[in-house]
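The values are calculated or read from the model by the stated rules, or taken from the named source; none is laboratory data. As the structure is a prediction and not an experimental result, all values here were calculated from the model. Positions of Cβ are backbone-derived with ideal geometry, glycine not excepted, and every protein chain shown enters the neighbour counts.
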Amino acid sequence: MQNLEHLEARLQGEAKAFTARRTSPRRYIVFDIEYVYDRVGQERADRHAGEQQAVNDNAGDAFKVRWPFHRVGCIVALAIAVLPSGTVEVEALKTWSRPEMTEAALVQAFSAFVAARPGAMPVTWGGECKDLPSLLAIAMREGIALPPSVGDPHWKHGRIDLCTLLCGKAKNVHLNEYAHAQGLPAKLMTKRELGKVAERGRWSAVRQHCEVDVTIEAMVLVRWLLATGQLKGTRAAVDAAIVDRVSQLRPYRPELLQAIAGFGSVGLDRAA
């Protein structure tokens, strides 16, 4: 009898969860992070490493800065809701960067953005390999409490790493490669170019680059949602839902607008 009661309670819980998914919006936070290199920190770590363990123990090799010494310079986050009707809506687009903010302030602002949206699922491209570990390392160093959805291990809280999800057991590829294969906008700068721009303090360029990346990731996300039956409409419509709203929120970003031109609604494309 007790087992039947437990089974009934569990089935009722699952039915409520199913109903909630059908009647409540599903929310996602697509985000990307750009960095500057702490070369001094890496050199200090190298000096204290054994001869065979140092990252940069071969003078002939290019100097390498490992991810714990990549300091956050810019974070962009895009909040998306998938409505019960099956349509997609961009709810917010936020950009935080140097030089106006310190690394700790950047992470605190992003944490507050995530915490204000409980239940929203964080989405990255390859973020489990760098962005999430970096956020946790900074939070530990600066004494910042991260929201569980970005601070806890990926297996404890639902997150989407689009690279892992879409590549499956195939070899991982860069976002730029996948975007090109999808016919989507391309990154504004190569990794090497971006690093140089960040080290020179050209933060306006870094912001635009990061905003383009997040827009591409969001378009990849909604295309996947459409392909798996979680969205209704056409591919062009879901592309435009992202691009139209980003264009409205960032009308002062010429390179961003140029990169996404042709993917929005005809009228808004012409206005941009």
Mind checking whether some residue in the stretch 63-86 is of a type in the set (D, E, K, R) and modelled with pLDDT under 90? yes
Any residue in the stretch 247-266 that is modelled with pLDDT under 95, in contact with a strand residue (DSSP E or B) (Cβ under 6 Å, 6 or more places away or on another chain) and of a type in the set (A, V, I, L, M)? no
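Would you confirm, using the coordinates I've provided, whether residue 78 is touching a residue at least 12 places away in the same chain (Cβ under 8 Å) and either crowded, with 20+ Cβ neighbours inside 10 Å or within 21 Å of residue 201 (Cα to Cα) (or both)? If you could, list the steps in order and put the result at the bottom.
Values: touching a residue at least 12 places away in the same chain (Cβ under 8 Å): yes; either crowded, with 20+ Cβ neighbours inside 10 Å or within 21 Å of residue 201 (Cα to Cα) (or both): yes.
In short, yes.
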Residues that are in contact (Cβ under 8 Å) with a residue 12 or more places away in the chain and farther than 26 Å from residue 126 by Cα, drawn from the stretch 220-248: 232, 233, 248
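Confirm whether residue 214 is at pLDDT 95 or above, farther than 16 Å from residue 75 by Cα, touching a strand residue (DSSP E or B) at 6+ places or on another chain (Cβ under 6 Å) and of a type in the set (A, V, I, L, M).
Working: at pLDDT 95 or above: yes; farther than 16 Å from residue 75 by Cα: no; touching a strand residue (DSSP E or B) at 6+ places or on another chain (Cβ under 6 Å): yes; of a type in the set (A, V, I, L, M): yes.
Considered against the rule, which asks whether it is at pLDDT 95 or above, farther than 16 Å from residue 75 by Cα, touching a strand residue (DSSP E or B) at 6+ places or on another chain (Cβ under 6 Å) and of a type in the set (A, V, I, L, M), residue 214 comes out as no.
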Only one residue in 134, 204 is closer than 19 Å to residue 72 by Cα, of a type in the set (Ser, Thr, Tyr) and within 14 Å of the chain's Cα centre (by Cα), so which one is that? 134
Scope the stretch 175-207; condition closer than 20 Å to residue 162 by Cβ and touching a residue at least 12 places away in the same chain (Cβ under 8 Å); matching residues: 175, 178, 179, 182, 184, 185, 186, 187, 188, 194
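Does residue 215 satisfy being loosely packed, with under 15 Cβ neighbours inside 10 Å and among the polar types (S, T, N, Q)?
Here the answer is no, as residue 215 does not meet what is asked.
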Name the residues in the stretch 84-119 that are of a type in the set (A, V, I, L, M), touching a helix residue (DSSP H, G or I) at 6+ places or on another chain (Cβ under 7 Å) and crowded, with 18+ Cβ neighbours inside 10 Å, would you? 88, 90, 93, 107, 114
Could you say which residue among 143, 119 is at positive phi and more than 17 Å from the chain's Cα centre (by Cα)? 143
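Got a number for residues in the stretch 102-117 being in a loop (DSSP other than H, G, I, E, B) and without any contact (Cβ under 8 Å) to a residue 12 or more places away in the chain? Let's see the steps before the verdict.
Applying the first criterion (in a loop (DSSP other than H, G, I, E, B)) to the stretch 102-117 yields 102, 116-117.
Those left that are additionally without any contact (Cβ under 8 Å) to a residue 12 or more places away in the chain: 102, 116.
Residues flagged as in a loop (DSSP other than H, G, I, E, B) and without any contact (Cβ under 8 Å) to a residue 12 or more places away in the chain within the stretch 102-117 amount to 2.
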Determine whether residue 44 is at pLDDT 60 or above, among the basic types (Lys, Arg) and not in a helix (DSSP H, G or I). no
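Which one of 65, 90, 72 is assigned to a loop (DSSP other than H, G, I, E, B) and in contact with a strand residue (DSSP E or B) (Cβ under 7 Å, 6 or more places away or on another chain)?
Details: 90 fails: assigned to a loop (DSSP other than H, G, I, E, B); 72 fails: assigned to a loop (DSSP other than H, G, I, E, B).
Exactly one of 65, 90, 72 is assigned to a loop (DSSP other than H, G, I, E, B) and in contact with a strand residue (DSSP E or B) (Cβ under 7 Å, 6 or more places away or on another chain), namely 65.
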Does residue 198 meet the test of being surrounded by 15 or more Cβ atoms within 10 Å (Cβ to Cβ) and either touching an Asp or Glu at 6+ places or on another chain (Cβ under 8 Å) or at positive phi (or both)? yes
